[in-house]
Amino acid sequence: MRDPTLCLTPGDGLGGAFESLAVPVHRASTVVFPTVAAYQGRRDEIYDGFSYGLYGTPTSRELETRLARLEGAARTLALPSGFAAIAMTTLAAVRPGEEVLFPDTTYDTVRPFAERFLAGLGIGSRYYDPMIGAGLAEVLDGGTRLVWVESPGSMTMEVQDVPAIAAAAHARGAMVAADNTWATPLRFKALAHGVDFSVCALSKYVAGHSDVMMGSVSVNDVGLYRKLKDYSRFLGLGVSADESSLVLRGLETLAIRMDRAEQSARRLVDWVVAQPGVAEVRFPQLATSPGHALWRRDFTGGAGLFSVFLEDWTRPALAEAVESLQLFAIGASWGGTRSLVAVLDRPPLRTVAPPAHTGPVVRFSIGLEDPEDLLQDLARGFARLAAPDQGGGAQRRA
């Protein structure tokens, strides 16, 4: 063979005995076949085999297999983001002329998705009180095909009665989907609690290092899995081997990272609840947090995320207080190794149940820093928040 051909021809280095603890990264667009017959039957391999790189590689399949095992699912489908998983699940479950119900506490991107995308497809949407439980039966009608739960809810952390909601939905012929990102399947087995679709934004706790975008949908019905797979390929959605490898790496340390984040968060919450300007702390592990009894009943543990509802008088000094923090980066998302803080000027939009407070909301995602260092950082921030020269202390005493 001549040199240009030698550059392309495999040598002996790919053979021989070699084992590694790391899952190999199989990058691929084209997948090759040993025979013409195998090539011509490649579309039969889309669901559980290998047909084209977009539809799966050994690396992404290994990730899906491990996630399915953790979820207690028949199949898991990996998608490019958590929101892609939400959108794909909704599109696979609901047809034009039907409707989907979302909890009033849903992830905020869901509302424009429903109003500006689903509505254009002729799919209706409504919102319900997340604490309604079995009372959901009175909200459902004949056109409802999918009910979403998000437990705890985004920002405001209400824990829902998922089994009761699932039972009410199934009795009326509707399916149930859970955004299980907060708990991950380590803390809450959504499928075992009556859910049909268990969705997780792998970008957060599972990947765990704030450097990957990916989501997953897990189901026990293989027919639903095939429908999700078809929809994803019709829209050209797939995940890369490199990102799958990063999520697999994060999965190996998920349990110890969540344990550490939860332990640190518990330490900080105990201190934060007593600070001036704090109206309420939402942390499902806290006895006063909405749905705490449901959390104790259904969950095997918690996470390192909590939200602080502040008094109105803290608003003028809040930005400076947050910007003074040295160990909390300001940013969206959560579940990584670094601690984060997200700030809302007022509680998020609610159209069914009005929020209990009117002041700012600050959400903390606790990372892997030493909790005593985080506590000292928070003490500096809260001191600045309540300082008289910032305007806050004087209003508090008025």
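The values are calculated or read from the model by the stated rules, or taken from the named source; none is laboratory data. A quick note: this is a predicted structure, and the numbers were derived from the prediction, not measured. Neighbour counts run over all protein chains shown; Cβ positions are idealised from the backbone, glycine included.
Here's the yes/no breakdown for (1) on the phi < 0 side of the Ramachandran plot; (2) loosely packed, with under 10 Cβ neighbours inside 10 Å; (3) within 36 Å of the chain's Cα centre (by Cα):
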residue: Pro10; (1), (2), (3): yes, yes, no
residue: Ala17; (1), (2), (3): yes, yes, no
residue: Leu21; (1), (2), (3): yes, yes, yes
residue: Thr35; (1), (2), (3): yes, yes, no
residue: Tyr39; (1), (2), (3): yes, no, no
residue: Arg43; (1), (2), (3): yes, no, yes
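Just to be sure I understand the filter: pairs with C-beta atoms under 9 Å, separated by 6 or more residues or on different chains, first member in region 22-51 and free of Cβ contacts under 8 Å to residues at least 24 places away in the same chain, second member surrounded by fewer than 10 Cβ atoms within 10 Å (Cβ to Cβ). Which pairs pass?
Tyr39/Val32
From the list Ser218, Ser232, pick out the single residue that is touching a residue at least 12 places away in the same chain (Cβ under 8 Å), of a type in the set (Ser, Thr, Tyr) and within 19 Å of Val147 (Cβ to Cβ). Outline the logic, then answer.
Numbers: Ser232 fails: within 19 Å of Val147 (Cβ to Cβ).
Testing whether each residue is touching a residue at least 12 places away in the same chain (Cβ under 8 Å), of a type in the set (Ser, Thr, Tyr) and within 19 Å of Val147 (Cβ to Cβ) leaves just Ser218.
How many of the residues making up region 330-343 are over 18 Å from the mean Cα position of the chain (by Cα) and surrounded by 15 or more Cβ atoms within 10 Å (Cβ to Cβ)? Don't jump to the end; show me each part of the working.
Let us first name the residues in region 330-343 that are over 18 Å from the mean Cα position of the chain (by Cα), namely 330, 343.
From what is left, the residues that are surrounded by 15 or more Cβ atoms within 10 Å (Cβ to Cβ) are 343.
The qualifying residues number 1.
Which pairs have Cβ atoms under 6 Å, sit 6 or more apart or on different chains, and link a residue in region 176-187 that is farther than 22 Å from Leu101 by Cα to one that is of a type outside the set (Gly, Ala, Ser) and surrounded by fewer than 24 Cβ atoms within 10 Å (Cβ to Cβ)?
Filtered contacts from region 176-187: Pro185/Leu70; Arg187/Phe299; Arg187/Thr300.
Does region 284-296 include one or more residues that are closer than 18 Å to Gly359 by Cβ and surrounded by fewer than 16 Cβ atoms within 10 Å (Cβ to Cβ)?
Taking region 284-296 as the starting set, the residues that turn out to be closer than 18 Å to Gly359 by Cβ are 288-290.
Checking which are surrounded by fewer than 16 Cβ atoms within 10 Å (Cβ to Cβ) leaves us with 288.
Taking every residue of region 284-296 in turn, at least one turns out to be closer than 18 Å to Gly359 by Cβ and surrounded by fewer than 16 Cβ atoms within 10 Å (Cβ to Cβ).
So which of Arg69, Arg43, Arg27 is among the basic types (Lys, Arg) and either touching a strand residue (DSSP E or B) at 6+ places or on another chain (Cβ under 7 Å) or more than 27 Å from Ala207 (Cα to Cα) (or both)? Working first, answer last.
Values: Arg69 fails: either touching a strand residue (DSSP E or B) at 6+ places or on another chain (Cβ under 7 Å) or more than 27 Å from Ala207 (Cα to Cα) (or both); Arg27 fails: either touching a strand residue (DSSP E or B) at 6+ places or on another chain (Cβ under 7 Å) or more than 27 Å from Ala207 (Cα to Cα) (or both).
Arg43 is the lone residue from the list that is among the basic types (Lys, Arg) and either touching a strand residue (DSSP E or B) at 6+ places or on another chain (Cβ under 7 Å) or more than 27 Å from Ala207 (Cα to Cα) (or both).
Do any strands (runs of 3 or more DSSP E) entirely within region 277-375 hold 2 or more residues that are more than 30 Å from His209 (Cβ to Cβ), and if so, which?
Strands (runs of 3 or more DSSP E) meeting the threshold: 278-282.
Identify all residues within region 55-86 that are more than 27 Å from Val25 (Cβ to Cβ) and of a type outside the set (Val, Ile, Thr); write none if there are none. Break it down stepwise before answering.
Taking region 55-86 as the starting set, the residues that turn out to be more than 27 Å from Val25 (Cβ to Cβ) are 72, 86.
Hit for region 55-86 is Gly72, nothing else.
For region 61-139, give me every one of the strands (runs of 3 or more DSSP E) that falls completely inside it and has 1 or more residues that are in the same structural domain as Tyr47 (by TED's automatic domain parsing) and without any contact (Cβ under 8 Å) to a residue 40 or more places away in the chain. Give the derivation first.
Details: elements: 75-79, 99-103, 124-128.
In region 61-139, 124-128 are the strands (runs of 3 or more DSSP E) which contain 1 or more residues that are in the same structural domain as Tyr47 (by TED's automatic domain parsing) and without any contact (Cβ under 8 Å) to a residue 40 or more places away in the chain.
Any idea which of (1) more than 30 Å from Tyr47 (Cβ to Cβ); (2) touching a residue at least 24 places away in the same chain (Cβ under 8 Å); (3) exposed (fewer than 15 other Cβ atoms within 10 Å of the Cβ) is the one Trp313 doesn't satisfy?
The one condition Trp313 does not meet is (3).
What do you reckon, is Ser216 under 21 Å from Trp334 (Cβ atoms) and touching a strand residue (DSSP E or B) at 6+ places or on another chain (Cβ under 7 Å)? Can you show your working first?
Numbers: under 21 Å from Trp334 (Cβ atoms): yes; touching a strand residue (DSSP E or B) at 6+ places or on another chain (Cβ under 7 Å): yes.
The answer is yes for Ser216.
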